[in-house]
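The values are calculated or read from the model by the stated rules, or taken from the named source; none is laboratory data. Here the structure is a predicted model, which is why all the values come from computation and not from measurement. Positions of Cβ are generated from backbone atoms using ideal geometry, with glycine treated the same way; all protein chains shown enter the neighbour counts.
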Amino acid sequence: MEKMMRQEGKYPMRYDMAEWKEHRTLRGLACGPLTEEGERWYHLRQVLNKRMLKPAEAVLYADVINEVVSDLMVHLNNEREKSPSGVVVKDVANQLYRFALEGISSILFETRLGCLRKQIPAKTQDFINSIGRMFKNFVFVNALPKWTREVLPFWNRYLESWDTIFAFGQKLIDKRMEEITAQLKDGENPKGEYLTYLLSNEKLSIEEVSGSVAELLIAGVDTTSNTLAWTLYHLAKDNEIQNALFQEVMGVVPKGQIPTTEDVARMPLLKAVIKETLRLYPVVPINSRVAVNDVIIEGYHFPKGHSFEIERENHVDLAYLKHKERDSNYQFSLWEQVKKYSLSSLAAFLGLPTMESTMIFVSLRRELAELYP
Ligand code: HEM
């Protein structure tokens, strides 16, 4: 894995997202970090990384996220009251999806979309539906031969869904751009979060901002909401850890106080729980890399252009769970073993370092065999 990733140098390549790119090309739109490649990808990432990757930069978004979390609490209480027993929240995964979309949009668009309101605004609901429709139709578009596009409805539905996603985002971006321009004209320094930074630093065109924000949103919502859903599922089954986590959180942030980013740093169990959730229920269980040069790994020669599929060894889903009893518990000590083994370079390469640093434990059979005696 390390060898394969070292050879890729400055411009790593995944399988190309052909159908996503086709939409951008057909509509004359710019690609974002998921679909762009090579030097242009690198340029995008240099701008997008700032104010997004470092934990210290999360401070910038603490207030807005706390506001969304407060709304989630009100929303969940309303949902409980609606249930016949007065305590059940139905369709937790969907509630968390709405929360993640609201939270990430509030940073990326600097606008509250109303996903946690009792009645979601019609335009926001259209946008949410379009994201779901795009993914649903993409499955067919990806699997079917191109000639079926003329005779089956999937391709057009797929394009239309993307169009709605982009149109919705573009409107919010244009609105913010107008405000920034007006503020600059009045000699004011535009204040804002991520979108203001992207629009006012002039390193990206407005089309590039639009393409990037759409892809950040698509990449960020399911990943975070499903990780939260699996965390709650796991904690519901493990009362001991649930209780320990509750005590930790209450110890750092007593009832009635709003947590700060520094508080989160004082919650090691919370961090461990999230890491273990990602190990047991990885939301991105498969990734890929394309060899940008010839590479020899363990004596095997892989020519330039060879595709590698990277799978998480510990992928557990509900159907699979009972066959994987050994792995179905949180094992916090594994992370100590990673440290003890001095696997720092392994961790870096397993963590797929292009965007996240928490994603350790990608499948590497030999190393994992060592970790599980
Ligand atoms: C539990 C949370 C998350 C997990 C497990 C996760 C996982 C991943 C993985 C495995 C990749 C592939 C990296 C590679 O190929 O090297 C990726 C890429 C990406 N993720 Fe995440 N992600 C999460 C949250 C987010 C969030 C919140 C955002 C944005 C707000 C985001 C935006 C992206 C983008 C834009 C890429 C493409 C990066 C590039 O190729 O330049 N992700 N993510």
Run Gly32 past the list (1) modelled with pLDDT under 95; (2) surrounded by 13 or more Cβ atoms within 10 Å (Cβ to Cβ) and report the number of the one that doesn't hold.
(1)
How many residues does the stretch 30-64 hold that are touching a Ser or Thr at 6+ places or on another chain (Cβ under 8 Å), in a helix (DSSP H, G or I) and either under 17 Å from Met17 (Cβ atoms) or within 9 Å of the ligand (Cβ to nearest atom) (or both)?
3
Any hit, the stretch 234-243, residues being within 15 Å of the ligand (Cβ to nearest atom), assigned to a helix (DSSP H, G or I) and of a type outside the set (Ser, Thr, Tyr)
yes
Could you list, in sequence order, the residues of the stretch 75-93 that are out of contact with any Asp or Glu (no Cβ under 7 Å at 6 or more places or on another chain) and surrounded by 12 or more Cβ atoms within 10 Å (Cβ to Cβ)?
His75, Leu76, Asn78, Glu79, Arg80, Lys82, Val92, Ala93
Residue count for the stretch 127-166, restricted to those that are surrounded by 14 or more Cβ atoms within 10 Å (Cβ to Cβ), out of contact with any Ser or Thr (no Cβ under 7 Å at 6 or more places or on another chain) and in contact (Cβ under 8 Å) with a residue 40 or more places away in the chain:
7
Can you find even one residue in the stretch 17-39 that is in contact with a Lys or Arg (Cβ under 9 Å, 6 or more places away or on another chain) and more than 30 Å from Asn156 (Cα to Cα)?
yes
From (1) part of a helix (DSSP H, G or I); (2) within 16 Å of the ligand (Cβ to nearest atom), pick out the condition that doesn't hold for Asn94.
(2)
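Give, as residue ranges, the strands (runs of 3 or more DSSP E) completely inside the stretch 253-320 that count at least 1 residues that are within 15 Å of the ligand (Cβ to nearest atom) and modelled with pLDDT under 85.
286-290, 307-311
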So is Glu179 of a type in the set (D, E, K, R), part of a helix (DSSP H, G or I) and within 24 Å of Arg98 (Cα to Cα) or not?
no
Run down Glu215, Glu208 and say which single residue is buried (at least 17 other Cβ atoms within 10 Å of the Cβ), over 25 Å from Asp63 (Cα atoms) and within 16 Å of the ligand (Cβ to nearest atom).
Glu208
If you check every pair at least six apart or on different chains, which have Cβ atoms under 6 Å apart with a residue in the stretch 296-310 that is surrounded by 14 or more Cβ atoms within 10 Å (Cβ to Cβ) first and a residue that is part of a strand (DSSP E or B) second?
Phe302/Val295; Phe308/Arg289; Ile310/Asn287
Looking at the stretch 107-126 only, could you name the residues that are crowded, with 22+ Cβ neighbours inside 10 Å and of a type outside the set (A, V, I, L, M)?
Cys115
Scan the stretch 3-12 and tell me whether some residue there is closer than 21 Å to Leu101 by Cα and either within 12 Å of the ligand (Cβ to nearest atom) or not in a helix (DSSP H, G or I) (or both).
no
